[in-house]
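Working notes, beginning with the structure itself.
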Amino acid sequence: MKKLSLAIVFTATLFAMSCKKDDPTPTAPAHVGLWKGKYGSTGSYPTTTWFMLLKSDGKVRVYDGGDTTSASKADGTYSISGSTITTSYAYSVSNTYSTTATINPQVTFQEGTYGVGTATTGGGNFYLVKQ
């Protein structure tokens with residue numbers, strides 16, 4: 001009888017341990033990460049290289065130049081509604097910009113416009129490719 005009780009306790013413990021689920025590692029949303037592209041003034045094709053780093057906490061860092069280590073940097077925030085992403089960032093208090101762009105369904109490409117201050121138009125056009 002003791003052996004049977006011990007076997008039942010052992011089996012129940014083994015069963016309970018095998019049913020324990022591991023917490024899955026959270027994955028970052030697809031839009032989070034480094035994006036590289038080009039921008040240009042209104043009416044001209046984008047030719048100036050820039051980067052946008054979208055962080056999981058809703059913050060953005062913009063690098064104005066071809067090398068993130070030496071480029072001018074701006075910090076701000078972004079939001080996403082459906083397939084539209086909007087940003088607002090500043091190089092300094094008086095040097096702020098905003099963007100609006102459409103992200104493709106695969107979340108690998110975005111294209112949009114930028115403006116000065118809170119305006120998301122009037123400055124020019126841009127595109128970004130997820131790196």
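Contour minus end-to-end for Ala90 and Thr102, with contour as 0.36 nm per residue of separation and end-to-end as the Cα-Cα distance? Mind showing how you got there, number by number?
Details: separation 12, 0.36 × 12 = 4.32 nm, distance 2.13 nm.
The Ala90-Thr102 span can extend by a further 2.2 nm.
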To the nearest 0.05, how large is the calculated FRET efficiency for Thr27 and Lys59 if R₀ is 30 Å and r is the Cβ-Cβ distance?
0.95
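Could you please tell me the mean projected area of the C-alpha convex hull for segment 33-130, averaged over all directions and given in square nanometres to one decimal?
Values: hull surface 23.4 nm².
One quarter of the hull surface, i.e. the mean projection, equals 5.9 nm².
Every number here is computed from the coordinates shown, using simple stated rules; none is lab data. Keep in mind that what you see is a predicted model, and the values were worked out from it rather than measured. Note that each Cβ is placed from the backbone with ideal geometry, even for glycine, and that neighbours are counted across all protein chains shown.
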